[in-house]
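Colleague: This is the structure, below, for whatever I ask next.
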């Protein structure tokens with residue numbers, strides 16, 4: 001499985017979630033093994049190593065009793081493919097679900113969906129109140145089979161979208177090979193019944209082939225038309241940027257849309273902690289990196305960025321990955337330049353969609369939110385058209 005931010009992070013750390021209780025996100029790599037070979041996966045150290053029950057139990061207990069100001073702990077079982085370690089996961093959840101701690105907690109797993117015998121399905125249904133899943137699934141049959149080892153026919157999408165139906169999130173990764181079908185893939189997943197779609201362009205690959213730009217514009221225009229025709233459907237994350245943040249004062253720092261190194265922590269199979277999933281292969285895989293020397297913050301210090309980013313109107317909404325930045329530029333603050341034009345296209349498309357949804361009265365905004373959004377739309381379109 002491609003390492004990525006657990007789906008729950010997409011939903012809970014976005015700007016505007018200030019009403020949520022302060023939450024930290026803990027991922028446990030239950031196994032380094034995976035039964036797929038996804039084309040964009042940056043995990044190159046697969047093995048049969050698994051985290052045992054005793055170690056996982058200790059990590060969970062330590063995080064729940066730690067002396068910090070977090071009120072909620074969201075534990076995500078990750079991999080590899082975590083359900084290769086189903087017995088350990090079941091034992092952990094069964095042990096902790098009857099326990100009481102000062103901090104509230106919940107469990108989830110990020111799965112490729114191919115290992116779902118009735119035993120696991122029944123257990124997920126029985127524990128749906130405390131345990132959720134996010135499914136890595138890349139769209140149509142052609143897209144899924146292209147990116148994810150011809151695995152389409154191995155996945156019971158009806159179970160995840162309709163039967164389990166407890167806020168199942170779908171993580172859809174778009175590669176260069178599937179970019180031409182982006183809109184079809186997203187719409188297909190909506191039609192399957194998935195309401196929460198975290199759609200992202202694959203990280204860690206070079207997107208500076210200019211032929212990608214026109215393809216992305218075409219696909220995002222299709223999504224604009226779809227969401228305007230279906231305003232009751234929540235847009236996928238690629239078309240749900242918080243562009244209203246463009247109008248916010250910068251004051252030397254830009255928004256950071258992940259919790260790497262601050263609100264997010266990942267434990268490998270040996271119990272060693274890492275800032276996020278992406279850093280695993282930088283620390284114990286292809287490269288050797290000591291992240292303890294890196295100062296992680298909840299925002300990007302603009303003076304540390306590339307000069308072009310410092311003066312860009314989208315600096316406050318452009319998503320950036322610490323791990324990918326470091327791998328491609330050698331600096332967590334310096335963003336991947338090959339991604340730049342693709343992000344500008346995406347942010348501009350978001351402004352078109354938000355403008356059209358506002359025009360038809362589909363956005364529920366108070367006066368202050370409306371003013372910030374309209375100002376941001378004007379700034380973005382003046383800069384990028």
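Okay, residues lined up against (1) in a loop (DSSP other than H, G, I, E, B); (2) surrounded by fewer than 22 Cβ atoms within 10 Å (Cβ to Cβ); (3) at pLDDT 90 or above:
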position	(1), (2), (3)
244	no, no, yes
251	yes, yes, no
258	yes, no, no
266	no, no, yes
270	yes, yes, yes
281	no, yes, no
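Colleague: While we're looking at this one, here's another question. Within 22 Å of the chain's Cα centre (by Cα), at pLDDT 95 or above and either closer than 29 Å to residue 299 by Cα or assigned to a helix (DSSP H, G or I) (or both): does that describe residue 197?
Modeller: So residue 197 passes the test.
Colleague: Looking at (1) surrounded by fewer than 17 Cβ atoms within 10 Å (Cβ to Cβ); (2) in contact (Cβ under 8 Å) with a residue 12 or more places away in the chain; (3) part of a helix (DSSP H, G or I), which is the one condition that is false for residue 128?
Modeller: (3)
Colleague: Out of curiosity, is residue 205 in contact (Cβ under 8 Å) with a residue 40 or more places away in the chain and either loosely packed, with under 13 Cβ neighbours inside 10 Å or over 25 Å from residue 39 (Cα atoms) (or both)?
Modeller: When the stated conditions are applied, residue 205 does not pass them.
Colleague: Then there is this: Hey, could you check segment 147-166 for residues that are on the phi > 0 side of the Ramachandran plot and surrounded by fewer than 15 Cβ atoms within 10 Å (Cβ to Cβ) and say which is nearest to the chain's Cα centre (by Cα)?
Modeller: Step by step, filter segment 147-166, then rank; the result is 165.
Colleague: Let me ask you something else. Which of the residues belonging to segment 224-241 are in contact with a strand residue (DSSP E or B) (Cβ under 9 Å, 6 or more places away or on another chain) and either buried (at least 20 other Cβ atoms within 10 Å of the Cβ) or farther than 16 Å from residue 196 by Cα (or both)?
Modeller: Those that are in contact with a strand residue (DSSP E or B) (Cβ under 9 Å, 6 or more places away or on another chain) and either buried (at least 20 other Cβ atoms within 10 Å of the Cβ) or farther than 16 Å from residue 196 by Cα (or both): 235, 236, 237, 238, 239.
Colleague: Now, a different point. Could you tell me which numbered condition residue 121 fails, if it satisfies all but one of (1) touching a residue at least 24 places away in the same chain (Cβ under 8 Å); (2) over 19 Å from residue 192 (Cα atoms); (3) surrounded by fewer than 16 Cβ atoms within 10 Å (Cβ to Cβ)?
Modeller: Unmet condition: (2).
Colleague: Can you pull out every residue in segment 314-341 that is surrounded by 20 or more Cβ atoms within 10 Å (Cβ to Cβ) and not in a loop (DSSP other than H, G, I, E, B)?
Modeller: Across segment 314-341, the qualifying residues are 322, 323, 324, 325, 326, 327, 339.
Colleague: Could you tell me whether residue 144 is surrounded by fewer than 22 Cβ atoms within 10 Å (Cβ to Cβ), without any contact (Cβ under 8 Å) to a residue 60 or more places away in the chain and under 22 Å from the mean Cα position of the chain (by Cα)?
Modeller: Against the criterion (surrounded by fewer than 22 Cβ atoms within 10 Å (Cβ to Cβ), without any contact (Cβ under 8 Å) to a residue 60 or more places away in the chain and under 22 Å from the mean Cα position of the chain (by Cα)), residue 144 does not qualify.
The values are calculated or read from the model by the stated rules, or taken from the named source; none is laboratory data. Quick caveat: nothing in here was measured; it's all calculated off a predicted structure. FYI the Cβ positions are ideal-geometry reconstructions off the backbone, even for glycines, and counts take in every protein chain you see.
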